[in-house]
Amino acid sequence: MKILMVCLGNICRSPLAQGILEHKLKERNLDWKVDSAGTGGWHSGEKPDKRSISIAKKYGIDISKQQARKLNGYDLENFDILYAMDASNLQDIKKLAQSKEELAKIRMILNESYPNENKIVPDPYYNDSGFEEVYQMLDKACEQIIINLTKEHEAN
Ligand code: 4NP
């Protein structure tokens, strides 16, 4: 399974989502590939935002080695599932899809924990107190991703 977490800047939300899912997969000895990217390239090459690094560290996860990169068309070929954090990410990812198969790979991440509700992970960039909430939302979603994808895989 190859999973790509996508947000706008690839410095706040998606690096956390990547770190949390990688951590859970390691605990379960699951060999899935996880990466993250941003629909915008302003922060390419940078480490995650220090507030994301800090909230991850609080829960025993090191995301400080990650490097931001911009989402590209190959990501839709290479990954099995691309998770958007909000509706605007979803639209931007869809613009890069070149087939129905690629479109079908794109999901809202919180639909794993709250099916069909299209809830969003709020952008915490301008809100210092938003990082704990974002962490909790992503933690719950990642827990459910493992359960749901394992079931989907068995059903196919
Ligand atoms: P992210 O947050 O999409 O969760 O990484 C943002 C980070 C930077 C910007 C926007 C959102 N920015 O406009 O620079």
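The values are calculated or read from the model by the stated rules, or taken from the named source; none is laboratory data. Here the structure is a predicted model, which means the values were calculated and not measured. Backbone-built Cβ (ideal geometry, glycine too); neighbour counts: all protein chains shown.
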- Query: Looking at region 7-55, which of its residues are of a type in the set (A, V, I, L, M), within 11 Å of the ligand (Cβ to nearest atom), out of contact with any Asp or Glu (no Cβ under 8 Å at 6 or more places or on another chain) and within 22 Å of Y74 (Cβ to Cβ)?
  - Reply: A17
- Show the residue pairs that are 6+ apart or on different chains and have beta-carbon atoms under 6 Å apart, the first residue being within region 43-61 and under 10 Å from G19 (Cβ atoms) and touching a residue at least 60 places away in the same chain (Cβ under 8 Å), the second being within 16 Å of the ligand (Cβ to nearest atom) and outside any helix (DSSP H, G or I). S52/C12; A56/I63
- Item | Checklist (1) part of a helix (DSSP H, G or I); (2) touching a strand residue (DSSP E or B) at 6+ places or on another chain (Cβ under 8 Å); (3) within 14 Å of the ligand (Cβ to nearest atom); (4) without any contact (Cβ under 8 Å) to a residue 60 or more places away in the chain applied to L76, failing item | (3)
- Message: Given the condition farther than 17 Å from N10 by Cβ, among the small types (G, A, S) and in a loop (DSSP other than H, G, I, E, B), answer yes or no: does some residue in region 129-149 qualify?
- Response: yes
- Subset of region 12-23, residues assigned to a helix (DSSP H, G or I) and out of contact with any strand residue (DSSP E or B) (no Cβ under 7 Å at 6 or more places or on another chain), comes to L16, G19, I20, H23
- Query: On the given criteria, is K105 surrounded by 13 or more Cβ atoms within 10 Å (Cβ to Cβ), at pLDDT 95 or above, more than 21 Å from L149 (Cα to Cα) and more than 12 Å from the chain's Cα centre (by Cα)?
  - Reply: no
- Task: Just give me the residues in region 24-50 being basic (K, R), more than 14 Å from G9 (Cα to Cα) and in a helix (DSSP H, G or I), in sequence order.
- Result: K24, K26
- Pair list, Cβ < 9 Å and 6+ apart or interchain, from region 85-100 residues that are closer than 16 Å to E117 by Cα to residues that are at pLDDT below 95 and within 11 Å of the ligand (Cβ to nearest atom): none
- Task: Report, ordered by the first and then the second residue, all pairs with beta carbons closer than 8 Å, sequence separation of six or more or different chains, a first member in region 131-151 that is farther than 17 Å from E117 by Cβ and within 14 Å of the ligand (Cβ to nearest atom), and a second member that is assigned to a helix (DSSP H, G or I) and at pLDDT below 95.
- Result: none
- Which of the residues belonging to region 117-130 are more than 11 Å from the ligand (Cβ to nearest atom), in contact (Cβ under 8 Å) with a residue 12 or more places away in the chain and under 14 Å from R51 (Cβ atoms)? D128
- In this structure, does Y114 turn out to be in a loop (DSSP other than H, G, I, E, B) and away from the ligand (no atom under 16 Å from the Cβ)? yes
